[in-house]
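Notes follow once the structure below has been shown.
The values are calculated or read from the model by the stated rules, or taken from the named source; none is laboratory data. The structure presented is a predicted model; accordingly, all values stated were derived computationally and were not measured. For neighbour counting, all protein chains shown are included, and Cβ atoms are generated from backbone atoms with ideal geometry for every residue, glycine included. Side chains are part of the model used for accessible areas, which takes the heavy atoms of the whole protein and leaves out ligands, DNA and RNA. Shrake-Rupley method; radii C 1.70, N 1.55, O 1.52, S 1.80 Å.
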Amino acid sequence: MRNLSILRDLAKSQGGLDSVGDLVDNFIDSEAMEVCLQRFKALPGGTDMVEQRYPPFQPDISALGKLPEGTLGHAYAGMISRLHYDADFFRPRDTSTEALWLTQRIASTHDLHHVIAGFNTEPSGESGVLAITATQIGFPAYVLLNILANFRAFRFQPKQQEVISQSIAFGSRIGLEAAPLVLQRWEEGWDKPLSQWREDLGVKPVEHERFGAIY
(Lines give C-alpha, C1' and ligand atoms only; values in the text may rest on other atoms or scores of the structure.)
Protein backbone atom coordinates (compact mmCIF):
# COMPACT_ATOMS: atom_id res chain seq x y z
CA MET A 1 0.00 0.00 0.00
CA ARG A 2 2.87 2.34 0.80
CA ASN A 3 4.40 1.71 -2.64
CA LEU A 4 1.07 2.37 -4.35
CA SER A 5 0.78 5.68 -2.51
CA ILE A 6 4.30 6.65 -3.57
CA LEU A 7 3.60 5.64 -7.17
CA ARG A 8 0.52 7.86 -7.15
CA ASP A 9 2.67 10.78 -5.97
CA LEU A 10 5.23 9.98 -8.65
CA ALA A 11 2.57 10.06 -11.33
CA LYS A 12 1.40 13.45 -10.10
CA SER A 13 4.91 14.91 -9.86
CA GLN A 14 6.13 13.44 -13.16
CA GLY A 15 8.92 11.61 -11.36
CA GLY A 16 9.84 14.13 -8.67
CA LEU A 17 13.10 13.30 -6.88
CA ASP A 18 11.51 13.32 -3.43
CA SER A 19 8.99 10.68 -4.44
CA VAL A 20 11.66 8.60 -6.17
CA GLY A 21 13.74 8.74 -3.00
CA ASP A 22 10.74 7.63 -0.96
CA LEU A 23 10.20 4.66 -3.25
CA VAL A 24 13.86 3.64 -3.07
CA ASP A 25 13.88 3.93 0.72
CA ASN A 26 10.66 1.96 1.03
CA PHE A 27 12.38 -1.10 -0.43
CA ILE A 28 15.41 -1.06 1.90
CA ASP A 29 14.17 -3.83 4.18
CA SER A 30 12.06 -5.68 1.61
CA GLU A 31 12.40 -9.22 0.32
CA ALA A 32 12.87 -7.81 -3.18
CA MET A 33 15.87 -5.79 -1.97
CA GLU A 34 17.35 -8.86 -0.30
CA VAL A 35 17.10 -10.77 -3.59
CA CYS A 36 18.71 -7.82 -5.40
CA LEU A 37 21.53 -7.73 -2.85
CA GLN A 38 22.19 -11.44 -3.26
CA ARG A 39 22.33 -11.03 -7.05
CA PHE A 40 24.86 -8.24 -6.61
CA LYS A 41 27.00 -10.25 -4.20
CA ALA A 42 26.96 -13.21 -6.59
CA LEU A 43 28.71 -11.11 -9.24
CA PRO A 44 32.52 -11.39 -9.37
CA GLY A 45 33.84 -8.93 -6.79
CA GLY A 46 30.38 -7.94 -5.56
CA THR A 47 30.76 -9.42 -2.09
CA ASP A 48 34.12 -7.69 -1.62
CA MET A 49 32.64 -4.29 -2.51
CA VAL A 50 29.80 -4.76 -0.04
CA GLU A 51 31.97 -6.04 2.79
CA GLN A 52 34.52 -3.26 2.27
CA ARG A 53 31.71 -0.68 2.03
CA TYR A 54 33.54 0.70 -1.01
CA PRO A 55 33.90 4.46 -0.30
CA PRO A 56 31.01 6.80 -1.12
CA PHE A 57 30.90 8.21 -4.63
CA GLN A 58 32.06 11.83 -4.22
CA PRO A 59 33.54 13.11 -7.50
CA ASP A 60 35.25 16.47 -7.63
CA ILE A 61 33.36 17.96 -10.57
CA SER A 62 35.72 20.92 -10.93
CA ALA A 63 38.79 18.66 -11.12
CA LEU A 64 37.11 16.23 -13.49
CA GLY A 65 36.21 19.05 -15.83
CA LYS A 66 39.92 19.76 -16.28
CA LEU A 67 40.69 16.28 -17.56
CA PRO A 68 41.32 15.86 -21.30
CA GLU A 69 38.29 15.89 -23.58
CA GLY A 70 37.12 12.38 -24.36
CA THR A 71 37.88 10.98 -20.92
CA LEU A 72 35.14 9.60 -18.70
CA GLY A 73 35.73 12.27 -16.08
CA HIS A 74 35.51 15.16 -18.54
CA ALA A 75 32.31 13.79 -20.12
CA TYR A 76 30.69 13.22 -16.73
CA ALA A 77 31.63 16.64 -15.35
CA GLY A 78 30.31 18.27 -18.51
CA MET A 79 26.93 16.60 -18.08
CA ILE A 80 26.66 17.51 -14.41
CA SER A 81 27.62 21.13 -15.10
CA ARG A 82 25.27 21.56 -18.06
CA LEU A 83 22.33 20.21 -16.09
CA HIS A 84 23.21 22.33 -13.03
CA TYR A 85 22.93 19.32 -10.75
CA ASP A 86 23.41 19.89 -7.04
CA ALA A 87 26.88 18.69 -6.11
CA ASP A 88 25.68 18.24 -2.53
CA PHE A 89 23.79 15.18 -3.78
CA PHE A 90 27.05 13.27 -3.39
CA ARG A 91 27.36 13.87 0.35
CA PRO A 92 27.99 10.67 2.36
CA ARG A 93 24.92 8.85 3.63
CA ASP A 94 24.30 6.02 6.05
CA THR A 95 25.84 2.82 4.69
CA SER A 96 25.77 0.81 7.91
CA THR A 97 23.90 -2.11 6.34
CA GLU A 98 24.53 -3.91 3.08
CA ALA A 99 21.20 -2.78 1.62
CA LEU A 100 21.87 0.85 2.53
CA TRP A 101 25.33 0.72 0.98
CA LEU A 102 24.09 -0.80 -2.28
CA THR A 103 21.20 1.65 -2.48
CA GLN A 104 23.56 4.58 -1.98
CA ARG A 105 26.01 3.27 -4.56
CA ILE A 106 23.29 2.78 -7.16
CA ALA A 107 21.66 6.16 -6.51
CA SER A 108 24.91 8.13 -6.59
CA THR A 109 26.30 6.50 -9.76
CA HIS A 110 23.02 6.56 -11.69
CA ASP A 111 23.87 9.71 -13.66
CA LEU A 112 27.20 8.25 -14.69
CA HIS A 113 25.33 5.39 -16.36
CA HIS A 114 23.71 7.96 -18.66
CA VAL A 115 27.20 8.89 -19.88
CA ILE A 116 28.41 5.32 -20.25
CA ALA A 117 25.34 4.11 -22.13
CA GLY A 118 24.61 7.32 -24.06
CA PHE A 119 21.07 7.88 -22.81
CA ASN A 120 19.71 11.41 -22.52
CA THR A 121 18.13 12.73 -19.32
CA GLU A 122 14.61 13.06 -20.71
CA PRO A 123 11.96 10.69 -19.31
CA SER A 124 12.62 8.14 -22.06
CA GLY A 125 16.38 8.22 -21.43
CA GLU A 126 15.82 7.83 -17.71
CA SER A 127 13.77 4.69 -18.33
CA GLY A 128 16.58 3.26 -20.44
CA VAL A 129 19.17 3.79 -17.72
CA LEU A 130 16.87 2.33 -15.06
CA ALA A 131 16.40 -0.73 -17.26
CA ILE A 132 20.13 -1.49 -17.19
CA THR A 133 20.28 -1.84 -13.40
CA ALA A 134 16.84 -3.45 -13.25
CA THR A 135 18.02 -6.11 -15.69
CA GLN A 136 21.45 -6.71 -14.20
CA ILE A 137 20.52 -7.03 -10.51
CA GLY A 138 16.77 -6.41 -10.24
CA PHE A 139 16.99 -3.21 -8.18
CA PRO A 140 13.33 -3.15 -7.03
CA ALA A 141 12.61 0.59 -7.20
CA TYR A 142 13.90 0.77 -10.77
CA VAL A 143 11.80 -2.21 -11.82
CA LEU A 144 8.70 -0.55 -10.43
CA LEU A 145 9.55 2.87 -11.88
CA ASN A 146 9.75 1.44 -15.39
CA ILE A 147 6.45 -0.35 -14.97
CA LEU A 148 4.97 3.01 -13.98
CA ALA A 149 6.66 4.82 -16.89
CA ASN A 150 5.30 2.38 -19.44
CA PHE A 151 1.80 2.42 -17.96
CA ARG A 152 1.70 6.21 -17.64
CA ALA A 153 2.74 6.65 -21.25
CA PHE A 154 0.23 4.03 -22.45
CA ARG A 155 -2.62 5.53 -20.43
CA PHE A 156 -1.96 9.27 -20.57
CA GLN A 157 0.65 9.93 -23.28
CA PRO A 158 0.16 7.25 -25.95
CA LYS A 159 2.34 9.11 -28.43
CA GLN A 160 5.25 8.72 -25.99
CA GLN A 161 4.68 5.04 -25.31
CA GLU A 162 6.72 3.92 -28.32
CA VAL A 163 9.88 5.80 -27.38
CA ILE A 164 9.56 4.81 -23.71
CA SER A 165 9.20 1.12 -24.53
CA GLN A 166 12.06 1.27 -27.05
CA SER A 167 14.35 2.95 -24.56
CA ILE A 168 13.56 0.31 -21.93
CA ALA A 169 14.25 -2.40 -24.51
CA PHE A 170 17.64 -0.86 -25.40
CA GLY A 171 18.52 -0.51 -21.72
CA SER A 172 17.55 -4.13 -21.09
CA ARG A 173 19.74 -5.20 -24.02
CA ILE A 174 22.70 -3.35 -22.55
CA GLY A 175 21.95 -4.92 -19.19
CA LEU A 176 22.07 -8.40 -20.72
CA GLU A 177 25.11 -7.88 -22.93
CA ALA A 178 27.40 -5.61 -20.91
CA ALA A 179 29.48 -6.19 -17.81
CA PRO A 180 27.63 -5.13 -14.63
CA LEU A 181 27.80 -1.35 -14.41
CA VAL A 182 27.07 -1.42 -10.68
CA LEU A 183 30.36 -3.25 -10.08
CA GLN A 184 32.60 -0.69 -11.75
CA ARG A 185 35.03 1.39 -9.71
CA TRP A 186 34.64 4.49 -11.83
CA GLU A 187 36.67 6.59 -9.41
CA GLU A 188 39.79 4.61 -10.37
CA GLY A 189 39.48 5.39 -14.08
CA TRP A 190 38.31 8.97 -14.58
CA ASP A 191 41.20 9.64 -16.98
CA LYS A 192 40.38 6.61 -19.11
CA PRO A 193 38.72 7.42 -22.47
CA LEU A 194 34.94 7.03 -22.45
CA SER A 195 35.19 5.01 -25.65
CA GLN A 196 37.61 2.60 -23.95
CA TRP A 197 35.31 2.18 -20.96
CA ARG A 198 32.46 1.28 -23.31
CA GLU A 199 34.59 -1.18 -25.26
CA ASP A 200 35.92 -2.87 -22.13
CA LEU A 201 32.42 -3.20 -20.65
CA GLY A 202 30.78 -4.32 -23.86
CA VAL A 203 28.40 -1.35 -23.96
CA LYS A 204 26.88 -0.42 -27.31
CA PRO A 205 25.85 3.21 -26.68
CA VAL A 206 22.45 4.48 -27.80
CA GLU A 207 23.60 8.08 -28.30
CA HIS A 208 22.17 8.30 -31.84
CA GLU A 209 18.71 7.00 -30.92
CA ARG A 210 15.75 9.30 -30.12
CA PHE A 211 16.46 8.80 -26.42
CA GLY A 212 20.22 9.20 -26.79
CA ALA A 213 22.74 11.95 -26.12
CA ILE A 214 26.40 12.56 -26.95
CA TYR A 215 28.57 13.34 -23.94
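With a length cut of 18 Å (Cα positions projected on each helix's long axis) and a Kyte-Doolittle mean of at least -1.0, go through the chain and give me the DSSP H helices that pass.
98-117, 123-137, 140-156, 158-177
Could you tell me the accessible area of residue 151 in Å² (1.4 Å probe, neighbours in place), rounded to the nearest ten?
120 Å²
Which peptide among 109-115, 29-35 comes first, and what is the full order, when sorted by highest mean count of other Cβ atoms within 10 Å?
In descending order of packing, they fall as 109-115, 29-35.
Which aspartates and glutamates, on any chain, are close to residue 66 with Cα under 13 Å apart, when same-chain ones fewer than 8 places away are left out?
191
If you place +1 on the Cβ of every Lys and Arg, -1 on the Cβ of every Asp and Glu, and leave all else neutral, what size is the dipole of segment 106-201 about its Cα centre, to the nearest 20 Debye?
420 debye
Leaving out same-chain residues fewer than 8 places away, which aspartates and glutamates sit with a Cα under 12 Å from that of residue 159?
Residue 159 reaches no qualifying aspartates and glutamates.
Could you tell me whether segment 134-215 comes out rounded, prolate or oblate from its Cα gyration tensor? Rule is a ≥ b ≥ c as square roots of the eigenvalues, rounded for a/c under 1.5, then prolate if a/b exceeds b/c, otherwise oblate.
It is prolate, given that a/c is not under 1.5 and a/b is the larger ratio.
Using a 1.4 Å probe over the heavy atoms of the protein chains, calculate the carbon and sulfur portion of the accessible area of the chain as a whole percent.
Carbon-and-sulfur percentage of accessible area, whole number: 53.
Within 15 Å, Cβ to Cβ, of residue 160, how many net charges do the neighbouring residues add up to if Lys/Arg are +1 and Asp/Glu are -1?
Charge balance in the 15 Å sphere: 0.
Compute the distance in nm between two label points, each set 7 Å from the Cα along the Cα-to-Cβ direction, one at residue 29 and one at residue 47.
2.7 nm
Suppose every K and R has +1 on its Cβ and every D and E has -1 on its Cβ; what is the size of the dipole of the chain about the Cα centre, in Debye to the nearest 20?
I would put it at about 540 debye.
How far apart, in nanometres, would the label points at residue 86 and residue 157 be if each is projected 7 angstrom from Cα along the Cα-to-Cβ direction?
2.3 nm
Per DSSP helix of 4 or more residues, -39500 (n - 2.57); summed, then divided by the residues of the chain. What does that give at 222 nm, rounded to the nearest 500?
After summing the helix terms and dividing by the residues of the chain, the value is -20000 deg cm²/dmol.
Largest first and in whole Å, what are the equivalent-ellipsoid semi-axes of segment 61-215 based on the Cα gyration tensor, each being the root of 5 times an eigenvalue?
So the three semi-axes of segment 61-215 are 24, 19, 15 Å.
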